[in-house]
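Each remark here refers to the structure printed beneath this line.
Values quoted throughout were computed directly from the atomic coordinates according to the rules given, and no laboratory measurement underlies them. This one's a predicted model, so the numbers in the text were calculated from it and none came from an experiment. Because the Cβ atoms are built from the backbone with ideal geometry, glycine has one as well, and the counts that use them run over all protein chains shown.
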Amino acid sequence: MIFPIGDDNADRTLFPTVNYLIILVNIFVFVFLQDLGSNIKFTYTYSTVPAEIITGKDIVTEDRIIRDPETGERYEMPGLQETPISVYFTLFTSMFMHGGIAHIFGNMIFLWVFGDNIENKLGHLRYLIFYLLCGVLSSLSQVFSTVMFNGNAYVPSLGASGAISGVLGGYILLYPRRRVRVILFNILTVVPAIVALGLWFAFQVISGLGGLGSQSGGVAYAAHVGGFLAGFILIKVFALGRA
């Protein structure tokens, strides 16, 4: 529905080193560690599993044979894998993995367009901490939603979208009137950030209401909403003392 193309960077004075490094790390993990998304066992090892976060215990489940109802084809679906690190650390590792090419492409475009402005405002170190904190809080939002609405606590979640949602939350508060080039309802146009990101957030809320406690259509909307609100609330704190 909403896809960003670019924004006004005329006032940017700081090269967005951290933002570019985050993008490169995401691409490296997806290509070389996840094998373009085909290494499901690696993905299930380092994804965030709500049940693990709730109990603090690593959970391993058996592989399953899944039958495609349309084609009748059977294939093996790996179960949850043994996690060689603290399960709580998956709150970090999960935000650098993606489920497919479209998933990582969309996330990295959003980060490319909006992340550099936030890094310019906060500085390199503050931006890194802000990004990671928003990512963790977004994952915890998904865990909380899963528990509160009796969702499947064994479904792993992953992706940078929660952390990036925090960047969007900070952006809409700092730069509500900044012009953003977007594809909106299949039309290329220029709108204020408050319109583009406001519509994006509204879509996350509405879509999330249709699948409370679950990943509706494979999308963890609770993580998006939680990350956005975290960024919106925290950005002014992280921007203290910055011109």
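Annotations
- GluC sites (Glu not before Pro), loop per DSSP, at most 13 other Cβ atoms within 10 Å - longest free stretch of the chain: 83-243
- Residues whose amide H lies under 5 Å from that of Val180, counting only those 5 or more places away or on a different chain, are Val191, Ala193; hydrogens are built 1.01 Å from N in the peptide plane.
- Rounded to the nearest whole Hz, the Karplus-based 3J(HN,Hα) values (6.51 cos²θ - 1.76 cosθ + 1.60, θ = phi - 60°) of the stretch 161-173 follow the sequence 5, x, 5, 5, 4, x, 4, 5, x, x, 5, 5, 7, with x at glycine and proline.
- A simple rule links phi to the HN-Hα coupling: the Karplus curve 6.51 cos²θ - 1.76 cosθ + 1.60 with θ = phi - 60°, which for the stretch 197-209 gives 7, x, 5, 4, 5, 4, 5, 5, 5, 5, 5, x, 5 Hz, with x for Gly and Pro.
- 10 Å Cβ shell holding at most 15 others, DSSP loop, chymotrypsin sites (Phe, Trp or Tyr not before Pro): longest site-free stretch of the chain: 1-148
- The mean sequence distance of close C-alpha pairs (under 8 Å, at least 6 residues apart), as a share of the length of the chain, puts its relative contact order at 26 percent.
- Set of lysines near Lys41 by C-alpha distance (under 25 Å), chain-local residues within fewer than 8 positions excluded: Lys57
- Among Leu21, Leu111, Leu140: highest mean-square fluctuation, GNM of the chain, C-alpha pairs under 10 Å: Leu21
- Rounded to the nearest 20 debye, the dipole size of the chain about its Cα centre is 900 debye, using +1 on the Cβ of Lys and Arg and -1 on the Cβ of Asp and Glu.
- Under 30 Å of direct C-alpha separation, and excluding same-chain neighbours fewer than eight residues apart, Lys236 reaches these lysines: Lys121.
- Note on the chain: the C-alpha convex hull projects to 13.8 nm² when averaged across all orientations.
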